[in-house]
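One structure is given below, encoded as structure tokens.
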Amino acid sequence: GGRTVDGGSVAGTPTVTGKQLLSARRAMGKYGLAPSDLAYVVSTNAYFDLLEDEAFYDNYQVGEGTKVRGEIGRMFGSRIIVSDELSSTVAEGEIAAYAINTRNFVIPRLRGLTSESEYSVDGQHWLLATTQRLGFTEIIPDATSVVALAYTA
């Protein structure tokens, strides 16, 4: 919905850098001011690009010991989360990363726990199932709390 900024280039060497993550954060306007409220969700290709970014190797930005344990950690004070749900294809228009203001989303409980039980004659035991219905809502719907970083030609 008009919340996409240009990311890594498809022509030549496609890479995603920390500066491009900052451009997505800048596009968020006032919703990108507090780094602790932000999270970057990156594709697997963008994850490996960030590992090759020299700015990422500054321990003051990443935090102690995170690379030793294989975690991606933080960049510019915001969490970086790798998701294999994003496309691993590097092509024009494909999303490489999302910058998200997590405080603009809430997970409401739509009802309490519901439990049901049933006796299984074949297995001679009781089956117990418990469910809860949850929602996922954006608090301010038209806010620029999510910005996508897309590959360009």
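The values are calculated or read from the model by the stated rules, or taken from the named source; none is laboratory data. It should be emphasised that the depicted structure is a prediction, and the values quoted were computed from it without experimental measurement. Neighbour counts are summed over all protein chains in view; Cβ atoms, including those assigned to glycine, are modelled from backbone coordinates with ideal geometry. To get the accessible areas, we keep the full protein, side chains included, count just its heavy atoms, and leave off ligands, DNA and RNA. Shrake-Rupley method; radii C 1.70, N 1.55, O 1.52, S 1.80 Å.
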### Task
Kindly check whether there is at least one residue in region 56-76 that is open to solvent by less than 70 Å² (accessible area, probe 1.4 Å), modelled with pLDDT of 80 or more and of a type in the set (D, E).
no
### Message
Of all residues being at pLDDT below 90 and among the charged types (D, E, K, R) in region 90-112, which is most open to solvent (accessible area, probe 1.4 Å)? Just the residue, please.
### Response
R109
### Query
So which residues in region 115-139 are in contact (Cβ under 8 Å) with a residue 12 or more places away in the chain, open to solvent by 80 Å² or more (accessible area, probe 1.4 Å) and among the hydrophobic types (A, V, I, L, M, F, W, C), if there are any at all?
L128, L134, F136, I139
### Task
Would you point out the residue of region 16-44, among those that are buried (at least 21 other Cβ atoms within 10 Å of the Cβ) and without any contact (Cβ under 8 Å) to a residue 60 or more places away in the chain, that is nearest to I140 (Cα to Cα)?
V42
